[in-house]
There are 2 protein chains.
Amino acid sequence: MTRVKDIERVYIQAHASAVGREEGRGPYGACFDFHDESNTFGADTWEKAEGEMQGVALTLAIKKAKREEPIDFLFSGDLQNQCMASAHGLLPFGIPHFGLYGACSTLTEGLALASLVLDGGKAQRCAVVTSSHTAAAERQFRLPLEYGGQRPPAAQWTATAAGAFLLSHEKTHVKIAAAMAGRIFDGGVRDSSNMGAAMAPAAADSILAFLKDAHADASDFDHIVTGDLGTVGSALLLRLLRNEGVMLSNHVDCGCLLYDLSTQDAHAGASGCGCSAAMLSAHFLPLLEKGEAKRILFLSTGALMSPSSVAQGENVFGIAPAVLLEHVP
Amino acid sequence: MTRVKDIERVYIQAHASAVGREEGRGPYGACFDFHDESNTFGADTWEKAEGEMQGVALTLAIKKAKREEPIDFLFSGDLQNQCMASAHGLLPFGIPHFGLYGACSTLTEGLALASLVLDGGKAQRCAVVTSSHTAAAERQFRLPLEYGGQRPPAAQWTATAAGAFLLSHEKTHVKIAAAMAGRIFDGGVRDSSNMGAAMAPAAADSILAFLKDAHADASDFDHIVTGDLGTVGSALLLRLLRNEGVMLSNHVDCGCLLYDLSTQDAHAGASGCGCSAAMLSAHFLPLLEKGEAKRILFLSTGALMSPSSVAQGENVFGIAPAVLLEHVP
């Protein structure tokens, strides 16, 4: 058995992103399809704001696709307890729904699952939507933003962002060429403010497994992209891989890209299910669509923990599912 | 597009259940593979106890299967914030993992997804594991059990239970013949102590869609089984379907079976992702294996809410994915 599953005929039909204020002011601000300076997306709670943002992203992706065909399955997830952002935001669409939880790794979990179902011929068209919202996440996992709590240097800033992706068999300039599930990995990290360190071992495990299964060299990809390791986790990932004899010179991390870390006070970078989703839609897919990148190994990275598990002193686990994205001439 | 997807060659290879004290004392107590009178499963927190219970169920299912082949994908979920029971309990197995969240509907969500992936030929063997634990769930969603809070008559008792299922292409006496995702449904229910009412409209929606897509009559099935509507939700389901001209004389609800409602003080019945999982493994699959039932339409039912959404006065949504289970001579 190989962990990497080849995917033959799954393409990205359309995609869109929606983000909040800080993300709109960041280096990729102009690349997102929609941004809301108020971060509310018209809702009266932060929790529902996140759901509305998912709805905006999915609506825009559906519009861009300009197709009438129904969507067989909608795969979605977020960071809120019991995934309520997805439930609120996607209820109005009435699409048959599979709720996912992979923390910040949910984007590639969803892309992998949708690809497996589509490629096996069990669906014609699938949607994948993930999101995170800094105000909803911070008050749930740590402290409400209004409290103004100090954050340690290794902490990351949860992105207010969502991405929506439509996948089908219709040929476009970007195909999903392989999919891999992550394994739950315990790197022994207990500090919930250092999620990069908790996720780096899982990312290393998945990258090593992918290279082995696909008989590939790291340099075979234009970019190996991780979701939200941030500066601390990215440095750890490179060191873990170096210890295994793998040198990554083409690694990029969405968490290090979303904000200008010299001016936007995001400490070790961005995080959240919305971070890699928005960056994939706004930056990496356009690179592939234009042919400026040919092959990208894309791994969203998740830190598996809850407010209860942290309070009980449990370790923060990591997981990193992956998809291989290829330019199609 | 039909919501129901035919499944051609997916069979239940093995399965197992693990439950707690009250479940062991209930009418099906002797049918479960393992029960722990202490409800702790050897762990020092209720949250980890639930994870250990998942591990017990999966270990037993793997043993019963007596097969060496690796498991391509493990689909799992539970009710804990950020699905930490699954993360804790399944970490030691090291199996490529897809985390799901569908509240108490996660069992059939997982069985449906695993069937779709297997039937399309993208995997050879998959596992599905779900659980719930009354002590972990009650203190998270409502009040710690030690508080001794009074529960209204419509409230259900979260089952301390887990079920694990191995699916493959290897022919056995039970096949999964069809799979369907649920749709998120808002029935306007705000009372988080009346989850049966919140889930009944979703169950009705899925049953009606299944009958329509499969050109079937309700009487074509030996049983139409719901997950955990309890007494209140079951009565509502029958009324909703009657309003649509569908009379169910073969409906059974796992939430009404797990406890003896006349003596076990479970109010409107059992609930939780573990309820339908344990009852499927301990009761309904044996019926199919022995040929005492030929066709069962099985729908786990989920109430989508979180402690935050309830505190904010939001509605409790429902969802009900389904699988069609058939006896193979």
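Counting Cβ atoms of other protein chains within 10 Å of each residue's Cβ and taking the mean over peptide B:46-53 gives 1.
For peptide B:178-189, what's the mean number of Cβ atoms from other chains within 10 Å of each residue's Cβ? It would help to have the intermediate numbers written out before the result.
On the way: counts 0, 1, 1, 10, 4, 8, 15, 2, 4, 0, 0, 0.
Per residue, the average neighbour count from other chains is 4.
Normalised by the number of residues in chain B, the average gap of Cα pairs under 8 Å and 6 or more apart makes the relative contact order 26 percent. If a paramagnetic tag sat 7 Å from the Cα of A:ASN250 along the Cα-Cβ line, which residues of the stretch A:203-233 would have the backbone N under 17 Å from that point? A:207-227, by backbone N distance to the label point. B:CYS256 contributes an accessible area of around 40 Å² to the protein surface, as traced by a 1.4 Å probe with all chains present.
Here's the picture: charge each Lys and Arg Cβ at +1 and each Asp and Glu Cβ at -1 in the protein assembly as shown, and of A:SER300, A:HIS215, A:ALA268 the one pushed furthest to the positive end of that dipole is A:HIS215. With contributions of -39500 (n - 2.57) from each DSSP H run of at least four residues, the per-residue ellipticity at 222 nm computed over chain B stands at -9500 deg cm²/dmol. Summing Lys and Arg as +1 and Asp and Glu as -1 over all other residues whose Cβ lies under 15 Å from the Cβ of A:GLY187 gives a net charge of -2.
Specify which residue in the list A:HIS251, A:LEU79, A:ALA136 is farthest towards the positive end of the charge dipole of the protein assembly as shown, using unit charges on the beta carbon of Lys, Arg (+1) and Asp, Glu (-1), about the Cα centre. Of the listed residues, the answer is A:HIS251.
For B:GLY77, what is the net charge nearby, where nearby means another residue's Cβ is under 14 Å from its Cβ and Lys, Arg count +1, Asp, Glu -1? After counting each charged neighbour, the total is -4. Measuring between their Cα centroids, the stretch B:233-305 and the stretch A:128-174 lie 37 Å from each other.
How large is the charge dipole for the stretch A:85-147, taken about the Cα centre, if only the Cβ atoms of Lys, Arg (+1) and Asp, Glu (-1) carry charge, to the nearest 20 debye?
Taking the Cα centre of the stretch A:85-147 as origin, the dipole is about 120 debye.
When +1 charges are put on Lys and Arg Cβ atoms and -1 charges on Asp and Glu Cβ atoms, the dipole computed for the stretch B:1-57 relative to its Cα centre reaches about 340 debye.
I'd like to check one number: the per residue accessible area of the stretch A:209-319, probe 1.4 Å, reported in Å² as a whole number. Don't skip to the answer; put the middle values down first.
Details: 3850 Å² over 111 residues.
Solvent-accessible surface per residue comes out at 35 Å².
Taking every full run of DSSP H in chain A, none both stretches at least 24 Å from end to end by Cα along its long axis and averages 1.6 or higher on the Kyte-Doolittle scale. Amide H to amide H distances under 5 Å link B:GLN80 with B:ALA85, where only residues 5 or more positions off or on other chains count and H is placed in the peptide plane.
Qualifying GluC sites (Glu not before Pro) in the stretch A:38-81, where qualification requires a DSSP coil assignment and no more than 15 other C-beta atoms within 10 Å, comprise A:GLU68.
Simple spin-label estimate for A:THR59 and B:THR2 gives 3.4 nm between the two label positions (7 Å along the Cα-to-Cβ direction from each Cα). Interface residues of the stretch A:93-133, defined as a loss of at least 20 Å² in heavy-atom accessible area between the chain alone and the complex of all protein chains with a 1.4 Å probe, are A:GLY94, A:PRO96, A:HIS97, A:PHE98, A:GLY99, A:TYR101, A:GLU109, A:LEU113, A:LEU116, A:VAL117, A:GLY120, A:LYS122. Each Lys and Arg adds +1 at its Cβ and each Asp and Glu adds -1 at its Cβ; summed about the Cα centre, chain A shows a dipole of about 460 debye. Surface listing: A:ASP72, A:ASP33 arranged by accessible area from highest to lowest gives A:ASP33, A:ASP72, probe 1.4 Å. I need the trypsin sites (Lys or Arg not before Pro) found in the stretch A:46-145, filtered to DSSP loop residues with at most 11 other beta carbons within 10 Å of theirs. Those satisfying the criteria are A:LYS66.
Counts of other chain beta carbons within 10 angstrom of each beta carbon in peptide B:305-313 average 5. Between copies, the label points at B:ASP213 (set 7 angstrom from Cα along Cα-to-Cβ) are spaced 2.8 nm, reported in nanometres from shortest to longest.
Interface area, chains A and B: about 4800 Å² of buried accessible surface, summed, with a 1.4 Å probe and ligands, DNA and RNA left out. The residues neighbouring A:CYS273, those whose beta-carbon lies less than 12 Å from its own, together hold a net charge of -4 under the Lys/Arg +1, Asp/Glu -1 convention. Peptides A:22-28, A:297-303, B:37-43, B:103-109, ordered by how many other C-beta atoms sit within 10 Å of their residues on average, highest first, read B:103-109, A:297-303, A:22-28, B:37-43. Computed over protein heavy atoms with a 1.4 Å probe, the carbon and sulfur contribution to the accessible area of the stretch B:83-142 reaches 49%.
The values are calculated or read from the model by the stated rules, or taken from the named source; none is laboratory data. As the structure is a computational prediction, the values presented were derived from the model and not from experiment. A quick note on method: Cβ atoms are made from the backbone with ideal geometry, for glycine too, and the neighbour counts reach across all protein chains shown. Accessible surface is based on the protein model in full, side chains and every heavy atom, while ligands, DNA and RNA are left aside. Shrake-Rupley method; radii C 1.70, N 1.55, O 1.52, S 1.80 Å.
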